[in-house]
1. Nearest 20 debye, what's the magnitude of the dipole of the chain about its Cα centre given +1 on Lys and Arg Cβ and -1 on Asp and Glu Cβ?
2. Figure the gain on full extension for D132 and T56 (residue separation times 0.36 nm, minus the Cα-Cα span) and round it to one decimal in nm.
3. Could you state the orientation-averaged shadow area of the convex hull built on the Cα atoms of the chain, in nm² to one decimal?
4. Before anything else, pin down the relative contact order of region 191-304: Cα pairs under 8 Å, at least 6 apart, normalised by residue count, whole percent.
5. If you wrap a convex hull around the C-alpha atoms of region 68-164 and split its volume per residue, what is the figure in Å³?
6. Using the beta-carbon distance between L75 and T354 and R0 = 41 Å, what value does 1/(1 + (r/R0)^6) give for FRET efficiency, to the nearest 0.05?
7. Can you list residues from other chains, or at least 5 along the same chain, whose modelled amide H is less than 5 Å from the amide H of T24?
8. Taking θ = phi - 60°, what integer Hz values does the Karplus form 6.51 cos²θ - 1.76 cosθ + 1.60 yield along region 183-194, in sequence order, with x for Gly and Pro?
Amino acid sequence: MKTVNHWIGGKTVEGASGNWGPVTDPATGAVTTQVALASAEEVDTAVTAAKEAYATWGTSSLAQRTSILFRYRALLDANRDSIAELITAEHGKVHSDALGEVARGLEIVELACGITTQLKGELSTQVSNRVDVSSIRQPLGVVAGITPFNFPAMVPMWMFPLAIACGNTFVLKPSEKDPSAANLLAELAAEAGLPDGVLNVVHGDKVAVDALLAHPDVAAVSFVGSTPIARYIHTTASANGKRVQALGGAKNHMLVLPDADLDAAADAAVSAAYGSAGERCMAISAVVAISSIADELVDKIRERAEKIKIGPGNDPESEMGPLITKVHRDKVASYVTGAAAQGADVVLDGTGYTVEGFEDGHWIGLSLLDRVSTDSDAYRDEIFGPVLCVLRAETYEEGVALINASPFGNGTAVFTRDGGAARRFQLEIQAGMVGVNVPIPVPVGYHSFGGWKDSLFGDHHIYGNDGVHFYTRGKVVTTRWPDPAEGHIGVDLGFPRNH
């Protein structure tokens with residue numbers, strides 16, 4: 001059986017806690033790998049390695065950092081398929097989807113390659129007689145990232161490339177459900193020339209997480225995951241004096257107005273709801289249809305959903321793979337089986353789906369629930385699976401009010417041909433990311449990703465300008481140099497003059 005160990009100080013370090021976690025192939029249900037689960041002492045070893053590396057990396061030149069990152073970007077590009085294969089083997093998503101994940105992660109590596117412009121300071125000269133004021137940004141020190149199972153390569157790459165480009169050192173705690181991609185990312189960074197200890201990977205469960213949240217040498221924590229855990233991360237790390245960005249869960253809505261291109265809207269709904277088996281925080285899980293076009297839209301979504309081919313992620317014919325674990329598969333199925341009792345019309349029920357020859361895999365088909373009420377479990381909870389809820393509203397205003405009443409505010413979308421309606425929507429909707437005829441409005445790397453309300457805890461979104469600001473802190477320097485032609489100025493007990 002394959003074993004996944006830690007990566008600390010530039011080398012593989014065998015797990016010493018005696019605790020191991022199983023990693024399954026979602027397509028077969030078989031345990032293929034064991035992953036080391038770190039003790040608090042092993043986390044301390046990783047943080048110590050990062051702290052020692054910071055002594056030199058934190059003062060390294062921007063030229064050194066960017067030259068390493070350019071080489072890293074080239075290595076990641078050359079190893080796209082290898083990274084994607086690891087993702088498919090442990091997460092289950094289809095290979096094309098895994099390749100897309102790597103590509104989106106590469107966007108942030110490219111952003112980090114341009115850190116020289118992102119870290120430019122400001123200077124005001126002669127604010128008073130011979131007085132200049134400058135503003136600079138400096139790294140924090142050792143920072144940590146705790147990442148989810150659904151994007152085992154992309155989300156870590158949303159964090160550590162920018163953090164190390166800013167001069168920090170990094171300790172990554174990836175999901176123990178699909179850990180292998182994180183190790184390969186670290187190995188490629190070392191091959192690119194990243195000094196030992198700048199990037200460390202510690203695998204583990206809550207023990208490792210709590211050790212990072214409490215460690216006095218960790219200055220900041222980035223997190224992506226469910227809302228309950230995001231709230232816990234934010235509360236605990238903040239109480240320990242750390243800077244925190246904790247991105248939580250979502251219930252993303254797509255409002256379809258009567259003038260929309262319904263074929264395009266149906267295509268978008270199927271892609272956004274069922275892509276990656278619905279295991280993504282930007283999935284559209286609720287379509288709000290204006291009643292006059294709701295029946296037609298539901299029919300179009302059903303027709304498309306019935307044609308999606310489900311199978312192993314390494315089968316080129318597959319368009320959707322299995323869910324990550326059997327436990328998660330059963331939880332997702334429970335929302336579908338309970339939906340009718342709570343008043344929904346079950347248009348498609350995917351709970352009995354299996355794949356011939358892979359009967360023990362974590363399979364579930366596509367489910368479509370119509371006339372879902374806002375007080376039902378299927379609507380209130382983040383299901384994180386291929387279940388699409390359709391709700392109906394009589395007017396634009398009713399639809400917006402329904403969406404804004406949700407405690408989540410990650411992403412949302414509107415489908416319409418009316419520019420005025422789209423403009424109103426983007427200003428009136430209470431969410432951090434908005435799509436206009438775009439179902440999954442994940443920002444490009446040079447804009448920041450993040451939600452509102454219960455979808456974000458902390459003040460900073462991830463990557464983009466917010467990411468640079470999160471991984472650095474500002475300093476203002478006021479300077480006066482005496483003019484050699486002038487004599488001694490003398491004592492002045494008054495407030496410094498700017499005039």
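Read-outs throughout are calculated quantities, based only on the coordinates presented, and are distinct from any laboratory measurement. Here the structure is a predicted model, which is why all the values come from computation and not from measurement. As a convention, Cβ positions derive from the backbone with ideal geometry for all residues, glycine included, and neighbour counts pool all protein chains shown.
1. 1580 debye
2. Gain on extension, D132 to T56, equals 24.4 nm.
3. On the way: hull surface 110.6 nm².
So the mean shadow area of the Cα hull is 27.6 nm².
4. The normalised contact order for region 191-304 reaches 21 percent.
5. 113 Å³
6. For L75 and T354, the calculated efficiency is 0.55.
7. Under 5 Å from the amide H of T24: T32.
8. Those phi angles translate into 5, 5, 4, 5, 5, 5, 5, 5, 5, 6, x, 5 Hz.
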